[in-house]
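Let me begin by handing over the structure; questions about it come next.
The values are calculated or read from the model by the stated rules, or taken from the named source; none is laboratory data. No experiment lies behind these values; they were computed from the predicted model shown. As a convention, Cβ positions derive from the backbone with ideal geometry for all residues, glycine included, and neighbour counts pool all protein chains shown.
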Amino acid sequence: LVPGQALLSFGLHCAQLAGVPSEVIQRAASVLEDIHSKRPVRRMICDNLAAKDKQYQDAMAKLLAFDPRKGDLNHFFEDVFPPEA
């Protein structure tokens, strides 16, 4: 063993052998490539992720606008976290 950073990592290969889904391994490879190239890690773009981002942004806007002295906390939580169908 030599102190310092390894030139190669076998983490992705181990993950593949362990049965990690290929989409996860591909994303990890992309992140590693960005890190090694000293680029900012690119964010994943997909419809589901964009929808979740919008949901979180809406929840934060409602939280910041909520006045606990005037609002009903139960209604607030029902509005922010509606029951899933």
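Can you say whether A59 is assigned by TED's automatic domain parsing to the domain that holds C14, surrounded by 11 or more Cβ atoms within 10 Å (Cβ to Cβ) and free of Cβ contacts under 8 Å to residues at least 60 places away in the same chain, as far as the supplied structure shows?
Values: assigned by TED's automatic domain parsing to the domain that holds C14: no; surrounded by 11 or more Cβ atoms within 10 Å (Cβ to Cβ): yes; free of Cβ contacts under 8 Å to residues at least 60 places away in the same chain: yes.
No; evaluated as a whole, the condition is false for this residue.
Which residue pairs have Cβ atoms closer than 9 Å, lie 6 or more positions apart in sequence or on different chains, and pair a first residue in segment 26-39 that is in the same structural domain as H13 (by TED's automatic domain parsing) with a second residue that is among the hydrophobic types (A, V, I, L, M, F, W, C) and not in a helix (DSSP H, G or I)?
From segment 26-39, the pairs are R27/M44; A28/V20; S30/V41; S30/M44; V31/V41; D34/V41; I35/V41.
Looking at segment 11-22, is at least one residue loosely packed, with under 11 Cβ neighbours inside 10 Å, of a type in the set (A, V, I, L, M, F, W, C) and assigned to a helix (DSSP H, G or I)?
Yes.
Still on this structure: If you check V31 against the conditions, is it surrounded by 10 or more Cβ atoms within 10 Å (Cβ to Cβ), in a loop (DSSP other than H, G, I, E, B) and either out of contact with any His (no Cβ under 8 Å at 6 or more places or on another chain) or at pLDDT 85 or above (or both)?
Against the criterion (surrounded by 10 or more Cβ atoms within 10 Å (Cβ to Cβ), in a loop (DSSP other than H, G, I, E, B) and either out of contact with any His (no Cβ under 8 Å at 6 or more places or on another chain) or at pLDDT 85 or above (or both)), V31 does not qualify.
Next question, about the same structure. Just to be sure, is A61 under 30 Å from V31 (Cα atoms) and part of a helix (DSSP H, G or I)?
No: the conditions fail for A61.
Of K62, K54, K38, which residue is at positive phi and either of a type outside the set (A, V, I, L, M, F, W, C) or in contact with a His (Cβ under 7 Å, 6 or more places away or on another chain) (or both)?
Values: K62 fails: at positive phi; K54 fails: at positive phi.
None of the other options fit; the residue is K38.
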